[in-house]
Structure formats: C-alpha cells, structure tokens
C-alpha cells in the first residue's frame, strides 16, 4: 500500500502540470495567428496560409440564347413566354508551372493545393466539383410593326488571386482561378442587330 502513494502523487502532479503548461506551449507554437487559421501539419513541416491577394473578379459569359419576335405585320402587341434552363460547373484550379519531381515535393504541393481549396470553399461558401442549375421563365413582348431580337445571357463569376503559403521556412505563391455561381441578364438587340461571330 505504502509503495503506491508516490505513484499516485506523481500522477496528480503530472496532470496538474499538463493543464498549466499544455496551453502555454500551444500558445507559444501558434504565436499570434488567428484561432481559425487553416494550418496543416506534416511529419516534416508546418503548412500555413499567411495571406491572399485578389487579382480580378469579373462576370464571364457562359452561353447566350436568342429569341426573335417578329411583329412587323401585326396590329397589336405580340407577347411570348419562354422557359430557359442552364447548368454550370463550380470549379477550382491552381495556375502553376512548378516541377513536381520527387515524391516528397509532389505530396507537399498536393497538401498546399488542398489547403488553398479548403480556404476558398470556406470563404465563398461553395463546393467545388458540383453543378448549379437555374430555371427561368421570361415574358417577351413586341409592339405592332416591329421586330425585336431578345438575348438571354448566362454568366458566371470568375475570381483570380494568389495565396501565400508557408511550408516550414519556405514561402510558396499559389495562383488560383475559381469559377462559380450562375445568373442571367436579358438584352434587346433590335431588328438590325445580330449575334457577334
């Protein structure tokens, strides 16, 4: 019985020290990084996103659909209802021309790419590799004696930027492009206008 007391005391002291020193050690390792910073640990190094620079965000045309309404011989307004459906891909790509020579370097770069992809998914609230579908009904009308060509323009958002990622003591620049969302606009081209070649 008496021999078990020192072991119990040692276990108690160890538990108390762990509670006090554990957070201090973790705090020292984390430094002043935000608590929700995306950090990936590998057996050999620490991978961490340290910044981002947005280069360009713009709307790009995915597709167009034309609807001609010919009312040149009519004596009252011509109306027409059309339904349109379009599906688009939500995509992510790293625009990089780096050598992926040995297996270790290739695996580290895959981790870096994955970390950037996670950060973009969290920031933009999207899921890459999925599709989005939109269905719209539009009423068109043309006055008597006129011919009008309407154009439905399907668009997506394209975002280009750079992430700065530390891998141990090395800093990597990761240029990316993301395409997401799906929305539309309607244009009236008039009788003489036509689709560009």
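Sorting the segments 161-173, 79-91 by their residues' average number of neighbouring beta-carbon atoms within 10 angstrom, most packed first, yields 161-173, 79-91. Dividing the radius of gyration of the alpha carbons in the range 40-188 by their Kirkwood radius gives 1.24 for Rg/Rh.
Across the range 118-162, the volume of the C-alpha convex hull divided among the residues equals 123 Å³ per residue.
Every number here is computed from the coordinates shown, using simple stated rules; none is lab data. Just so we're clear, the structure is a prediction, and the values are computed from it rather than from any experiment. Cβ coordinates were reconstructed from backbone atoms using ideal geometry, including for glycine residues, and neighbour counts include every protein chain displayed.
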